[in-house]
Amino acid sequence: MSDTARRPEVLVIDYGVGNHTSVCNALERLKYSYAVSSDTKDIKDAPAYILPGVGAFKEAMQNLRGRNIIEVLREEVIGKKKPLLGICLGMQVLAEDSTEDGLHTGLGFIPGHVVLIPHENVRVPHVGWNTLTIQKSDPLFVAVSTDARFYFDHSYHFATDEKYRAATTQYGGEITAAVQHGAVYGVQFHPEKSQTSGLRLLRSFMKNTKK
Amino acid sequence: MLSKRIIASIILKDGIVVQSVGFKHYLPIGSPEIAVEFLDAWGADEIVVLDICASRENRTMDGELLSRLATKSMVPLTVGGGINSVEMIRQLIRKGADKVVINRAAIDNPGLIAEAAKIFGNQCITVSIDAKEIEKGRYEVFVDSGQVGTGRDPVEVAQSSTAQGAGEILIRSINRDGSKKGFDRELIRSVSEAVDVPVVAAGGCGNPQHIADAFREGHADAVAVGNFFNFTEHSVTVTKAFLEPHFPIRLDTYATYEHAALGGDGRLEKQSDVVLEGLRFEYHPKEII
């Protein structure tokens, strides 16, 4: 259970479209203390963040705006360099914008655009366990083997400059699997649903928040 | 490279896991919590849980049960049964579902697919189609656990569902369900050639060779296997060991099966006494994350 007496080690941001339950279950297995909230004060107090997400980009951004937490997040993550891990849609909203269901502005924490996976010769959505090519092992991938598979489930991907990419995967071409820039991290796959490899990645993120 | 998915399918009736045979007979197996825990530990790539009573009782899967199942599963959990509103989907996701399965509503209210895909994204919406071969090579979609014919063709339903925004099609043969005769490859191929979203084959798996056939001849991207996994020891791991030389498959276990022979029915054969003797004193550490 999350320990209410202790200050949580990470805040899982609940913005109404997430599957934060799965993320919490994974944190519980790893015995990290966490809290779930979208409250401004909780965000200011937290040492690190996980931004989960299952859903559509437009709805996600509307919900983040509706909860008035974009500026406080920007201040804590970009200003104070508190680590944030975006997962799946939570990674995509870190981009400048997305073309999912019209053009919508994102948080802009990492330069890049969310676009439909090119599907001349593959089925979209990209669903299932795929291998990665890791460009930046430290900190997210230090504990996983190079042939580890992670669970993906998405139709859009984060097109960004290679200097922001931590890992890529092959699906009808090269697509971004993980990003990192300053204290901002994001993974397109679901570590909370990728069994041992996923738990190792989450542990590496959490360890890194304490440096 | 993307691996072929080996999905474990759990059918729930009155809160317990059952074996379904031809959508007519249901034999009790046991607790869903234990089934999920084991299938996760054995390395299933995904777990689909379908509550076949929900639709009739005008509800969806019990949220408390789903929460308990979700804590046991570190692989994606796909949930279905009685879903007929966006609100139900929202509740299921909050309780730990990663994807949802729409069955009857895809026929009665296809607008729900579009509405749900707009909110949750199409990758979250699987449409399941139960098809019965009514004469040689002609199929009809049935709803209400295979009881009610709709007069519609599965290929046409698959196409119209993906046009609405379904991100995946699960196609199940009613004739083959629980038969152990293998997947209906013609049915699966007709659907997988007609849509450009992933297609999951279901109904009839009796041994790992059937899965290979569904991939090779049915062009399926994944298979959903129920009874065979529930009733066969080491089922998921052994199946994966059998398939791995021929297809991209996720292996994430200490068990290698390199000394083990697989029989014609895909079950493990007894190892030689020398190998077994050696195993007695081997140290098997628990994985450290």
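The values are calculated or read from the model by the stated rules, or taken from the named source; none is laboratory data. The shown structure was predicted, so the numbers you read here are calculated from the model rather than taken from an experiment. Positions of Cβ are generated from backbone atoms using ideal geometry, with glycine treated the same way; all protein chains shown enter the neighbour counts.
Of the candidates B:ILE125, B:ILE119, the single residue that is buried (at least 24 other Cβ atoms within 10 Å of the Cβ) and within 14 Å of another protein chain (Cβ to nearest Cβ) is B:ILE125. Of all positions in the range A:46-67, at least one carries a residue that is more than 18 Å from A:GLN188 (Cβ to Cβ) and touching a residue at least 60 places away in the same chain (Cβ under 8 Å). Within 14 Å of another protein chain (Cβ to nearest Cβ) and free of Cβ contacts under 8 Å to residues at least 24 places away in the same chain: does that describe B:GLU87? Here the answer is yes, as B:GLU87 does meet what is asked. Of the strands (runs of 3 or more DSSP E) entirely within the range A:39-131, those holding at least 3 residues that are within 14 Å of chain B (Cβ to nearest Cβ) and modelled with pLDDT of 95 or more occupy A:126-131. Pairs linking a residue in the range A:199-211 that is closer than 19 Å to A:GLY182 by Cβ to a residue that is among the charged types (D, E, K, R), with Cβ atoms under 7 Å and 6 or more positions apart or on different chains, are A:MET206/A:GLU9.
Just one of the listed residues (B:THR256, B:THR232, B:THR239) is under 23 Å from the mean Cα position of the chain (by Cα), modelled with pLDDT under 75 and either within 21 Å of B:GLU46 (Cβ to Cβ) or not small (Gly, Ala, Ser) (or both), namely B:THR232.
Looking for whichever is surrounded by fewer than 18 Cβ atoms within 10 Å (Cβ to Cβ) and over 27 Å from A:GLY198 (Cβ atoms) here; the options are B:ARG59, B:ARG104, B:ARG68, B:ARG94. Which one fits?
Checking each option against the conditions leaves just B:ARG59.
Residues that are away from chain B (no Cβ under 11 Å) and either assigned to a helix (DSSP H, G or I) or touching a strand residue (DSSP E or B) at 6+ places or on another chain (Cβ under 8 Å) (or both) within the range A:140-162 comprise A:LEU140, A:PHE141, A:THR146, A:HIS157, A:PHE158, A:ALA159, A:THR160, A:GLU162, listed in sequence order. There is no residue in the range A:163-184 that is farther than 20 Å from B:ARG250 by Cα, touching an Asp or Glu at 6+ places or on another chain (Cβ under 8 Å), crowded, with 18+ Cβ neighbours inside 10 Å and within 14 Å of chain B (Cβ to nearest Cβ). Only a single item in (1) surrounded by fewer than 23 Cβ atoms within 10 Å (Cβ to Cβ); (2) part of a strand (DSSP E or B) is not met by B:ASP196, and it is number (2). So, of the residues in the range A:139-162 that are modelled with pLDDT of 95 or more and among the acidic types (Asp, Glu), which turns out to be surrounded by the fewest Cβ atoms within 10 Å (Cβ to Cβ)? If we take residues in the range A:139-162 being modelled with pLDDT of 95 or more and among the acidic types (Asp, Glu), then A:GLU162 is surrounded by the fewest Cβ atoms within 10 Å (Cβ to Cβ).
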